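Asker: What follows is a structure written as C-alpha cells; I'll ask about it next.
The values are calculated or read from the model by the stated rules, or taken from the named source; none is laboratory data. Keep in mind the model is a prediction, meaning the values are calculated, not measured. Ideal geometry is used to build each Cβ from the backbone, glycine not excepted, and the neighbour counts take in all protein chains shown.
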Amino acid sequence: MLKDSRFRFIVLFIFSTSLVQGVFAQRIGVGRSANNTPQPSELVDYARPKNYTIGGINVTGAKFLDPNTLISVSGLNVNDQITIPGEKISTAIKRLMDQGIIEDVQVNIEKIEGSKVFLELNLRERPRLNKIVLNGIKKGERETVEEKLKTYKGKVITDAMVKNLQTTIKKHFLDKGFLNTTVQAQQINDTLRVNNAAIVFNIKKNGKVRINDIQLNGIKEMPEWKLLSKMKGTKEKAPLRIFTPSKFIAKKYKEDKAKLVAFLNKNGYRNAQVESDSIIKREDGNIDIVLNVIEGNRFYYRNITWSGNYLRNTDTLNLILDIKKGDLYNPEELEKKLSGKPQNDISSYYMDDGYLYFSCTPIETAIVGDSIDIELRINEGKQATINKIILNGNTKTSDHVVLREILTKPGQKFSKTDLIETVQMLSKLGYFDPQKIDPQPKPQSDGTVDIEYNVEEKSNDNIELSGGWGGLQGFIGTFGIVFNNFSIRKIAKLKEYRPLPKGDGQRFAIRFQANGGFQNYSVSFTEPWLGGRKPNSFSVSLFHSVQDYRKYYQRLEKYYANSSYGSFYSGNSAYTSGYFRNTGGSISYGKRLNWPDRNFNLSGAFSYQYYDVSNSFLLTNFQNGQAHDVSLNFTLSRYSLDNPQFTRSGSNISLNGTFNPPYSAFGYKPKTEKLWIEGHKWMFDADWYTPVVGKLIFHAKTNMGFLGRYSSSNAYSPFGRFVLGGAGMGLQNTNSIGVELIGLRGYDEGIVYEPTYAQKLSQTTNSGYLSRTGGIIYSKHSVELRYPVSLNPQATIFVLGFAEAGNSWGSYKDYNPFKLRRTAGVGARIFMAAFGLLGLDYGYGFDPIPGLPNQGRKSFTFSIGQQIR
C-alpha cells in the first residue's frame, strides 16, 4: 500500500513539472530568426532554472496604454535578479491580467548577454467601447436607457463592464414593472477604428408583471384594508385602478413592507414585523404576494420620567410633550414631540435658547403586560453663540441682500426656530430654489457656532410677450418685463447689464398692452429695504391707459347679435364713438411687523387717478365727464407660504381698506360731469394650504369686497366696483376701466352679476346682466386639490381640480351670501422662470346667465403672470 502511494506521488510530480514547463514555454516566447538561427529563448533550459539580472524591458503591442505604467504594474524592474523560469514571471503575467484591460500577455526573451537578460512584454489590449446598440425596445425607451449608459463610452471593455451594463438595463425595466426582462450582450469589433468595439444588447421585456392578489396572514385586530392602503407602491389589480397601477416593482415593494411595519408600530403594535414573505408566479405571468405578519400585542404608555433636565422643570417638559399615562404607544409621535416642528417640541424649547448641543434619548425602562415605562434622558449641553454667517451659492444676489433677511445674527444665541424661519424668508425672496436652501450649523471648538447657508440661484425675472386674436378684443398684444432682483446702485456700471443690473433685491417692471383700440402703459419700482437697515419697503408706480370704444362696440354688436339684448346698440350713435382715458400714479410705504409674529406686514399708499370718459356704458351713473380719485390705502397682511411656486403648507391673509376724502362733509356736491370720487372700499383675501396625502395638496380660499359711502344721500362710487368672470384678466386691466376684475372660472369674462330689483324690472342692457359695471359687494369661495407633475424650479408644473362659487350684487338689500354662481373643473399651472405663471382651466358653470350666448358659460380659461383671484 505504501509503495503504491509513493508511485502515485512520483507520477503526479512528473506531470505537474511538465505542465509548469509547458506554461512557460507558451509565455516565454520561443522563436527563430529569418535565417532559422536559434533565438535567445531557445537557449533557456526549462528543466534547469538559472538566475539572471534584468538588463532591459521592452513593451510591444500597447497602442493606448503607457509602457512605463505597464512595466511598473508587472513588478519587473531593470537590475532586478530573476530566475528563468521562475515565480516572478508568472506573477508579472498575473498582475497585468488582473487589471482587466489586457486580453493577453506574453513574456519573451529578446536576448541574453552573459548574466543579463533582456525581456519583452508582448500585450494585446482589450478594445474600447465606442458604441452601444439597444435592440428590442422603442425609440423613447432607447433614448432613456442610452442616457443611463453614456458614461461607459470610451472605456475599456471588460467582463465586469458588460455585466454592469446588463444590470443597469435590466434594473431600468424592473423599475417599470418588467420583472422578467432578459438582456443578452454581444461584442462586435469595429473594422474601421483600431482597438474599438460595439456592444449589442438584445432586450426582451416579456410584458409587465402585475400583482393579482396580496394576502396578509397573522393580522387579528388592525383592519386589513388600512394596512394595504399604506403600501402605496404595491397594489392589487383592480378595474378602476388608474393612478396607482398594480405593476410589481421590487424597490417599492421593499419600501412598502417597511411602511406596513411602521404603521403598525405607530398604532401601538411595538413588536410588529414581517416574519416572511413570498412571491408566487401564476400561469398568466402575474404574481401573488403572501406576507406573514406578526402583529403582536398593542402597548400603552405607563410612567414617563425625565433625567438630566437641570435647566428646565419637569412640569413644563410634560406640558410640551403632551403624552399621558394610558396613551397609545407611538414611537413616531414621540420622536416628533422630542424633535419635530419648531416651538412645539422639546428640542426647540432648548435650542431656541442657544442649547445647540441638546439631545434627548427615550429609553424603555420597563415593560409590564401591555404597558411601557419610558425614561427621557436629556443632555442639555452648553449654550452656543453664533460666531459668523457664511454664504455659498449666491452668485448673482449681493451678500447684503441675503444677510438682511437672515434672522440668525452673529453674537446672538443659537435658535432653531430662527434657523427654520430664515429658510422661509429666503424662499420668499424668490431668488433661490427653495428645495436647495440648506443651512448647516458648524460647531466651533470655543463653544460658538458658525452657520453656513447654501443656496442655489434661480432666474425669477418675468417676460410677458404675447399676441393673438380673440372675440371682443380683436388683436391682443402684450409686452411686459419684470426684474425682481434689480439694482439701481449699479445703473452706471455697463458691465453689470445682463440685460439690466441685478443683485440688490429691488423690483422694476414695465408693461405695454394693446388690443382693438385699447392701449395701456405702466412702470413701477420697489425698494424692499428703504435705507438698507430695516425691512421698510418703498414703491412708486405710474400708468396711463386709453380705450377707443368704436371698434369695441362694433365687435360687441356682433357678439350679442343673436341674444335678446343684441338690438340695444343698433342705430344708437351715442355708443358708436367714445373713449375712456385713465392716468395716475401711487407712492407706497410698507413695514414688516414683529408682532404677533414676523409674517405680518403693514403698508400704506397714496394714489391719484384722473379719468376722462366719453360715451361709456362700463360705469354706473358716469358715462361722460372727468373724475379725480385721490385715495389713501392701507393693507394688513400675513404671509407664511412655504413655496410661492408650489405651496404645500401655510396661509396668505390680507385685509385692504381704501379711503377717499369725505368731500361731502365740507359741503361738496357731486357734479354729473365733474366728479371728485368719495367713499371707501374694503377687500379681504385668504388662502390656506395643507397636505392631504403624499404630494396631494388641499387649497381653500375666500375673497370678499365691499364698497361704502360716507353719506346715504350720495351714490356709491362708479369706480372700483367688482366684476366677476373668466380668469380675472378681462378686456383690460384694473386701472384701464376703473374696476376690480375677479376671476370665476367656467363663465365668460365679467358677466357674473346679480342685478338689483329695479334693474331686473327695466331689463336694460346698460344695467342688466350684460353690464360690466360690476357690483358694490362680492364674495367668492373656492377649493382646489393640487398635485405636482414637476418641481423643477425652471419649470414647475402641477395639475388641479377645483370647485368654486361667487357672485356680485348691485345693492346691499339684494345681497344674499347663499345665492352664488357655482362652477367646477380641472386645470394646470406651469411656472417658468422667464414667463412667470401660465394657467389653463376647463370649467363648467352650473348656473346659467339668462340672455347670453351659451348662457355665459365658458369652457376654457387662460391666465398668464398671475394667480386667479
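Asker: Which one of these is touching a helix residue (DSSP H, G or I) at 6+ places or on another chain (Cβ under 6 Å), closer than 17 Å to Trp225 by Cα and of a type in the set (Val, Ile, Thr): Val290, Val274?
Answerer: Answer to the check: Val274.
Asker: Which residue out of Tyr329, Tyr349 is touching a residue at least 60 places away in the same chain (Cβ under 8 Å), closer than 18 Å to Thr305 by Cβ and within 37 Å of the chain's Cα centre (by Cα)? Spell out how you get there, then give the answer.
Answerer: Numbers: Tyr349 fails: touching a residue at least 60 places away in the same chain (Cβ under 8 Å).
Within the list Tyr329, Tyr349, the selection yields Tyr329.
Asker: What residue, of Lys695, Lys674, Lys701, is touching a strand residue (DSSP E or B) at 6+ places or on another chain (Cβ under 9 Å), at pLDDT 95 or above and of a type outside the set (Asp, Glu)?
Answerer: Only one candidate passes the filter, namely Lys701.
Asker: For Leu149, which of the numbered conditions (1) assigned by TED's automatic domain parsing to the domain that holds Phe173; (2) in contact with a helix residue (DSSP H, G or I) (Cβ under 7 Å, 6 or more places away or on another chain); (3) assigned to a loop (DSSP other than H, G, I, E, B) fails to hold?
Answerer: Condition (3) is where Leu149 drops out.
Asker: Any residue in the stretch 426-449 that is in the same structural domain as Asn485 (by TED's automatic domain parsing) sitting within a Cβ distance under 7 Å of a residue that is surrounded by 13 or more Cβ atoms within 10 Å (Cβ to Cβ)? List the pairs, counting only those 6 or more apart or interchain.
Answerer: From the stretch 426-449, no pairs qualify.
Asker: Among what's in the stretch 406-425 and is free of Cβ contacts under 8 Å to residues at least 40 places away in the same chain and not in a helix (DSSP H, G or I), pick the residue that is farthest from the chain's Cα centre (by Cα).
Answerer: Step by step, filter the stretch 406-425, then rank; the result is Gly411.
Asker: Same structure again: If we keep just the residues of the stretch 639-684 that are over 47 Å from the mean Cα position of the chain (by Cα) and not in a loop (DSSP other than H, G, I, E, B), which is surrounded by the fewest Cβ atoms within 10 Å (Cβ to Cβ)?
Answerer: Here the answer is Phe666.
Asker: With Asp461, Asp450, Asp433, Asp446 as the choices, which residue is at negative phi and modelled with pLDDT of 95 or more?
Answerer: Sole residue among the options that is at negative phi and modelled with pLDDT of 95 or more: Asp450.
Asker: Looking at the stretch 318-373, which of its residues are of a type in the set (Gly, Ala, Ser) and either under 22 Å from Phe299 (Cα atoms) or touching a Lys or Arg at 6+ places or on another chain (Cβ under 7 Å) (or both)?
Answerer: We begin by selecting, within the stretch 318-373, every residue of a type in the set (Gly, Ala, Ser); these are 326, 339-340, 347-348, 354, 359, 366, 369, 371.
Passing the criteria: Gly326, Ser347, Ser348, Gly354, Ala366, Gly369, Ser371.
Asker: Sticking with this structure for a sec: Looking at Leu149 and the list (1) within 30 Å of Gly61 (Cβ to Cβ); (2) surrounded by fewer than 18 Cβ atoms within 10 Å (Cβ to Cβ); (3) free of Cβ contacts under 8 Å to residues at least 40 places away in the same chain, which single condition is not satisfied?
Answerer: (2)
Asker: Asn633 fails exactly one of the following numbered conditions: (1) in contact (Cβ under 8 Å) with a residue 60 or more places away in the chain; (2) within 18 Å of Arg721 (Cα to Cα); (3) not hydroxyl-bearing (Ser, Thr, Tyr). What is the number of that condition?
Answerer: Result: Asn633 fails condition (1) only.
Asker: Among the listed residues Leu311, Leu356, Leu319, identify the single one that is among the aliphatic types (A, V, I, L, M), surrounded by fewer than 15 Cβ atoms within 10 Å (Cβ to Cβ), assigned to a loop (DSSP other than H, G, I, E, B) and not assigned by TED's automatic domain parsing to the domain that holds Asp277. Even if it seems obvious, please write down each step before you answer.
Answerer: Details: Leu356 fails: surrounded by fewer than 15 Cβ atoms within 10 Å (Cβ to Cβ); Leu319 fails: assigned to a loop (DSSP other than H, G, I, E, B).
Of the residues listed, the single one that is among the aliphatic types (A, V, I, L, M), surrounded by fewer than 15 Cβ atoms within 10 Å (Cβ to Cβ), assigned to a loop (DSSP other than H, G, I, E, B) and not assigned by TED's automatic domain parsing to the domain that holds Asp277 is Leu311.
Asker: A follow-up question, please. Here are some conditions: (1) touching a residue at least 60 places away in the same chain (Cβ under 8 Å); (2) under 23 Å from Asn217 (Cα atoms); (3) of a type in the set (A, V, I, L, M, F, W, C); (4) touching an Asp or Glu at 6+ places or on another chain (Cβ under 6 Å). Ile280 meets all but one. Which one does it not meet?
Answerer: Exception for Ile280: condition (1).
Asker: Taking the residues in the stretch 685-701 that are buried (at least 16 other Cβ atoms within 10 Å of the Cβ) and of a type outside the set (A, V, I, L, M, F, W, C) as candidates, determine which candidate is nearest to Gly806 (Cα to Cα).
Answerer: Among them, the one singled out is Lys701.
Asker: Then there is this: Considering only strands (runs of 3 or more DSSP E) fully contained in the stretch 44-146, which possess at least 1 residues that are under 22 Å from Ala160 (Cβ atoms), touching a strand residue (DSSP E or B) at 6+ places or on another chain (Cβ under 9 Å) and of a type in the set (D, E, K, R)?
Answerer: 102-113, 116-125, 128-135
Asker: How about the stretch 803-869: which strands (runs of 3 or more DSSP E) wholly inside it have at least 2 residues that are out of contact with any Lys or Arg (no Cβ under 7 Å at 6 or more places or on another chain), modelled with pLDDT of 90 or more and buried (at least 16 other Cβ atoms within 10 Å of the Cβ)?
Answerer: Passing ranges, in order: 821-832.
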